[in-house]
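The values are calculated or read from the model by the stated rules, or taken from the named source; none is laboratory data. Just so you know, these numbers come straight off a predicted model, no measurement behind them. Here the Cβ is made from the backbone with ideal geometry for all residues, glycine too, and neighbour counts use every protein chain on show. Side chains included, ligands, DNA and RNA excluded: accessible areas come from the protein's heavy atoms. Shrake-Rupley method; radii C 1.70, N 1.55, O 1.52, S 1.80 Å.
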Amino acid sequence: MEKFFFIGLFGMVGAMARYHLSRCLNRPAYPWGTMLVNISGSFLLGLLVSLRFSDPRSEIIVLILGTGFIGSFTTFSTLNLEIMTMLRKQKNALPVIYGLTSLIIGLIATYAGVIAGKNL
C-alpha cells in the first residue's frame, strides 16, 4: 500500500510540473513545453532504468519515480493531440517536424540517460 501512496504522490507532482512547463512554454504555433517535457522525461527514465540495472536495490526508487513522476510528467498522448491539432490548423510541414523532432530527440535523450546512469 505504501508503494501506491508514493506513486500517487509523485504522480501528482509530475502532473503539476508538466502543467506548469506547458503553460509557461507552449505557444500557439509550437508546443515547446510539451516537447521539453517529453525529451527531459525520456532522459530521466533512461537514467533511472540504468540505475536499476546497476543496483537492484534501487527498484523501488525506479518504480516510484519512473511510474509516478515520469509517468505523469511525460505527455505522449498530448504530443499526438497537438500534432493532430497542428495538422488541422496548419497545412505546412511544422506538425511533421514537431512529431519527428520529439520522437528522435526523445530516443536520443533516453539513450543518453542510460549512458549517464552507467557512468554514475
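Data for the structure
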{"item": "Alpha-carbon centroids, the stretch 1-43 and the stretch 68-90: separation in whole Å", "result": "11"}
{"item": "Listed residues P31, P56, P95, most fluctuating in the chain (Gaussian network, C-alpha, under 10 Å)", "result": "P56"}
{"item": "Per residue value of the accessible surface for the stretch 58-120 (all protein chains in place, 1.4 Å probe), Å²", "result": "61"}
{"item": "Calculated from backbone phi, Karplus (6.51, -1.76, 1.60) coupling profile of the stretch 30-46 in Hz, x at Gly/Pro", "result": "7, x, 4, x, 5, 5, 4, 4, 5, 6, 5, x, 4, 4, 4, 5, x"}
{"item": "Net dipole in debye of the chain [+1 Lys, Arg Cβ; -1 Asp, Glu Cβ; about Cα centre; nearest 20]", "result": "380"}
{"item": "³J(HN,Hα) computed for each position of the stretch 80-90 - Karplus, 6.51 cos²θ - 1.76 cosθ + 1.60, integer Hz, glycine/proline x", "result": "5, 5, 5, 4, 4, 5, 5, 4, 5, 8, 10"}
{"item": "Amide H contacts under 5 Å for Y30, placed H, 5+ residues apart", "result": "none"}
{"item": "Tensor-based shape of the chain (alpha-carbon gyration tensor, a/c under 1.5 rounded, otherwise prolate or oblate)", "result": "oblate"}
{"item": "Per-residue SASA entry for E2, accessible area with 1.4 Å probe, Å² rounded to 10", "result": "140"}
{"item": "Relative contact order %, the stretch 14-112, counting alpha carbon pairs below 8 Å whose residues are six or more apart", "result": "40"}
{"item": "Highest-MSF residue in the chain out of T85, T74, T34 [GNM, Cα springs under 10 Å]", "result": "T85"}
{"item": "Hz values of 3J(HN,Hα) by residue in the stretch 97-106 - Karplus curve (6.51, -1.76, 1.60), Gly and Pro given as x", "result": "4, 4, x, 5, 4, 4, 5, 5, 5, x"}
{"item": "Percent accessible area from carbon and sulfur atoms, the chain, protein chains only, probe 1.4 Å", "result": "73"}
{"item": "Within a Gaussian network of the chain (alpha carbon springs, distance under 10 Å), most fluctuating of F69, F43, F53", "result": "F53"}
{"item": "Spin-label model distance (nm) - M1 vs Y19, 7 Å beyond Cα toward Cβ", "result": "2.8"}
{"item": "Most positive-pole-ward Cα, L107, M84, T74, against dipole of the stretch 47-120 from beta carbon charges", "result": "M84"}
{"item": "Within the stretch 84-120, trypsin sites (Lys or Arg not before Pro) in DSSP loop having at most 11 other beta-carbon neighbours inside 10 Å", "result": "K91"}
